[in-house]
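Engineer: Handing you this structure, nothing more for now.
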Amino acid sequence: IKIYSLHVDCKVTSRFAHTVITSRIVNRANESREATFEVEIPKTAFITNFSMSMDGAVYPGIIKEKAAAQNEYDTAVSQGQSAGLVKITDRKLEQFHVSVSVAAASKVTFELTYEELLKRQLGKYELLIKVQPKQLVKHFQVDVHIFEPQGIRFLETDSTFMTNELTEALTKVQNETKAHISFKPTLDQQKKNSELDETLLNGDFVVRYDVKREATAGDIQIVNGYFVHYFAPQEMPVFPKNVIFVIDRSGSMTGRKIEQTRDALLKILQDLRPEDHFSFITFNNKVVEWKSSLLPATEENVASAAALVQTLTARGGTDISGALLAAVAVLDKAERLPERSVSMIILLTDGQPTSGERSVEVIQENVQKAINGKYALFCLGFGFDVSYKFLEKMAWSNGGIARRIYENADAALQLQGFYQEVATPILMQIEMQYPENSIEGLTKNNFKLFFEGSEITVSGKISNELDLLPVEIKAQSHTSNLTLKEEANVKEKEQVFQNQGYIFGNFIERLWAYLTIQQLLEEAISAQEEDQKALEAQALDLSLQYSFVTPLTSMVVTKPQQQEELANKPTEAG
């Protein structure tokens, strides 16, 4: 079985990435063999299309509601053949895997399409392409086309497998608003050495870039009656933070995990700004407050905290509830904190609550009541023994986010990376306002916090014949209350993309659908049961309408012998 051609074609238009992977395989044996198509795609992406073509016939994947697809599948496969086509493989990736029997001397073509909105983190967008053909491929090519009407500020490629020879196969052509990156290694360039037929191509191929930003009120783009508004202010004063680290030191954290936590905390302590206030709470079945109040991040206090961190050892149970409520109490009674400052609690735990209050529902309710919208709660789940759903719901209900920390060699870096994302809040209470009577289906348009290096994205449908789309942004910065205004000329904005031949036409509409589905699913996490059903029903309708494989839909892949397989979207919460 030989892959004779493998092409990854990716078009990024104004942060929305549309990727098509095409693999052509021939069976050179004189009997039928199994051909496998196995690719890893970003977790943040939704699959939108898949097909297999062999012997002149095309077998498309059909996207259906998950329950309906499951019933159909159960009926077809009463013999109990299992077929989960997609599984999470890594903290950024999930794997799509399908195999089919190919007759002697026959060929098969697999084609998979997926889409995602690139998210700005720490000042850049990252497009991740996993390259792993597992054999030498005669025609191997990766093409990335980027079009950013705001202009490309910088662009870099990075890869975990590059050699000097392979670098020669990489070309980059770029002007003000467009870039084309091509990676096309010959068979010889792919080889580890001239004697062995082993491939060097195994790892990540990454494109990172950022755009130019002129307008203070962000950038608006419009295509076919849909708009997207990107807002990422720069060079603003940073809010002082009042942060409490709530660290699990129960028995299960023993060994590597507690060491990595210590390493990360020591680095994070160095990153505190002099105007920040901070404290630590550590917990097992007992909750221990390092100090009874928040301390300013002076050199002396940071050194004293570092000494405590060095002594962290792990044993005992897990009283998550007691620890979080203690953290809220410290913030509640804090005095002499900077007037305009951001208060946050960062919880790191690797397990389920085993001491104190054990009911996750009761903990969620009590914590939400205690926080009462005053502080942001960020929950980091270390490893796979945590109830990620519980952490996710607590974080979303309290204006924060949850993240899984993978138990790899780089766990300390993952912790630091997360901290860096939330270390520099520059705006609070951001409201993005649009004319109510002319916009439909507006995505989330008010945000509690904005961190430097990230980006706010709002999208919607312009419902009537507007000539000008006025926007107004209200927010609080460290020094003042801001009001920013901008007017977009609809006809002019539509023109920008009409002049671009190679752009996929309704991309802002698809971006709007992608963003709406993501936000409905996020909202459903912390909603009451009736609301949850309504939110999921809305997300399901959009998933089917725009053919996205989301956690609510499945793709049914029918093979030549009428065998059916299902592709489902896995979620971090399992």
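Engineer: About the Cα centre of the chain, what is the dipole size in debye to 20, counting +1 per Lys and Arg Cβ and -1 per Asp and Glu Cβ, all else neutral?
Structural biologist: The dipole magnitude comes to about 780 debye.
Engineer: Once the Cβ-Cβ distance between Phe384 and Val20 is put in as r, and R0 is 45 Å, what FRET efficiency do you end up with, to the nearest 0.05?
Structural biologist: 0.85
Engineer: I want to verify the translational diffusion coefficient of the range 198-254 in µm²/s; compute it with Stokes-Einstein, Rh as the Kirkwood radius over Cα pairs, at 4 °C and 1.567 mPa s.
Structural biologist: 73
Engineer: Here's something else I'd like to know. Leu93's amide H: which non-local residues (gap 5+, or another chain) put their own amide H closer than 5 Å, with H modeled 1.01 Å from N in plane and none for Pro or chain starts?
Structural biologist: Long-range HN contacts for Leu93: Lys43.
Engineer: Report relative contact order for the range 426-496 in percent, whole number only (criteria: Cα-Cα under 8 Å, sequence separation at least 6).
Structural biologist: Relative contact order of the range 426-496: 35 percent.
Engineer: Right, something else. First select every other residue whose beta carbon is under 10 angstrom from the beta carbon of Ile430; then total the charges, Lys and Arg +1, Asp and Glu -1.
Structural biologist: Once positives and negatives cancel, what remains is +1.
Engineer: If you don't mind, another one. Which percent of Cα pairs goes in each bin when the distances of the chain are cut into 20 angstrom slices starting at zero?
Structural biologist: Per 20 Å bin, starting at zero, the Cα-Cα P(r) for the chain comes out as 18, 49, 30, 2, 0 percent.
Engineer: Same structure again: Residue separation times 0.36 nm, minus the C-alpha to C-alpha distance between Asn175 and Glu299: what's the value?
Structural biologist: Separation in residues times 0.36 nm, less the Cα-Cα distance, equals 40.0 nm.
Engineer: Moving on. If packing is taken as the mean number of other Cβ atoms within 10 Å per residue, what is the order of 232-239, 189-196, 91-98, highest first?
Structural biologist: 91-98, 232-239, 189-196
Engineer: So who's got an amide H within less than 5 Å of the one on Ser343, skipping anything under 5 residues away but keeping other chains? H placed 1.01 Å off N, in plane.
Structural biologist: Amide H to amide H, under 5 Å and 5 or more residues apart or across chains, Ser343 pairs with Asn242, Ala376.
Engineer: Let me ask something else about it. Give me the distance in nm between label points sitting 7 Å out from Cα along the Cα-to-Cβ direction at Thr254 and Ser106, one decimal.
Structural biologist: Once both label points are built, they end up 5.6 nm from each other.
Engineer: I would also like to ask the following. Check each of the GluC sites (Glu not before Pro) in the range 513-574 and keep only those in coil by DSSP with at most 15 other C-beta atoms within 10 angstrom; list them in order.
Structural biologist: Taking the range 513-574 and a limit of 15 other Cβ atoms within 10 Å, the loop GluC sites (Glu not before Pro) found are Glu572.
Engineer: Please give me the summed charge of the neighbours of His7: other residues whose Cβ is under 9 Å from its Cβ, Lys and Arg +1, Asp and Glu -1.
Structural biologist: Net charge in that neighbourhood comes out at -1.
Engineer: Just check the range 2-212 against the gyration tensor rule for me: Cα atoms, a ≥ b ≥ c as the square roots of the eigenvalues, rounded for a/c under 1.5, and otherwise prolate or oblate depending on whether a/b exceeds b/c.
Structural biologist: oblate
Engineer: Counting helices only, and only those DSSP H runs with n ≥ 4, report the 222 nm mean residue ellipticity of the chain as the sum of -39,500 (n - 2.57) divided by its residues, in deg cm²/dmol to the nearest 500.
Structural biologist: One gets -7500 deg cm²/dmol as the mean residue ellipticity at 222 nm.
Engineer: Specify whether the C-alpha gyration tensor of the range 241-423 places it in the rounded, prolate or oblate class, a ≥ b ≥ c being the square roots of the eigenvalues: rounded for a/c under 1.5, otherwise prolate if a/b is larger than b/c and oblate if not.
Structural biologist: rounded
Engineer: I've got another one for you. Tell me which chymotrypsin sites (Phe, Trp or Tyr not before Pro) from the range 124-227 have a DSSP coil assignment and no more than 16 other beta carbons within 10 Å of their own.
Structural biologist: Phe161
Engineer: Quick one: compute the contact order of the chain, relative version, from alpha carbon pairs under 8 angstrom and 6+ residues apart, as a percent.
Structural biologist: Worked out over the chain, it gives 17 percent.
Engineer: Calculate, in nm to one decimal, what Ala307 and Ser51 gain on full extension: separation in residues at 0.36 nm each, minus their alpha carbon distance.
Structural biologist: 86.3 nm
Engineer: Another question, if that's okay. With a probe of 1.4 Å, find how much accessible area the range 1-82 has per residue, and write the answer as a whole number in Å².
Structural biologist: Value for the range 1-82: 45 Å² per residue.
Engineer: How large, in percent, is the carbon and sulfur part of the accessible surface of the chain at a probe radius of 1.4 Å?
Structural biologist: On the chain, the fraction of accessible area on carbon and sulfur atoms equals 46 percent.
Engineer: For a 27 Å ceiling on Cα separation, which of these pairs sit above it: Lys66/Lys389; Lys393/Lys493; Lys11/Lys485; Lys107/Lys184; Lys124/Lys172; Lys448/Lys533?
Structural biologist: Pairs exceeding the cut-off: Lys393/Lys493; Lys11/Lys485.
Engineer: Cut-off under 19 Å on the C-alpha distance; same-chain residues fewer than 8 positions from Lys333 excluded. Which lysines are left, in chain and number order?
Structural biologist: Lys241, Lys291, Lys369, Lys374
Engineer: So how much slack lies between Asp271 and Ala29, counting 0.36 nm per residue of separation and subtracting their Cα-Cα distance, in nm?
Structural biologist: 81.1 nm
Engineer: Now for a separate question. Compute the convex hull volume of the Cα atoms of the range 412-461, divide it by the residue count, and report the result per residue in Å³ as a whole number.
Structural biologist: 81
Engineer: What does the accessible area per residue of the range 241-423 come to in Å², with a 1.4 Å probe and no ligands, DNA or RNA counted?
Structural biologist: 41
The values are calculated or read from the model by the stated rules, or taken from the named source; none is laboratory data. What you see is a predicted model; the values in this text were computed from it and never measured. Methodologically, a virtual Cβ is constructed for each residue, glycine included, from the backbone with ideal geometry; neighbour enumeration extends over all protein chains shown. To get the accessible areas, we keep the full protein, side chains included, count just its heavy atoms, and leave off ligands, DNA and RNA. Shrake-Rupley method; radii C 1.70, N 1.55, O 1.52, S 1.80 Å.
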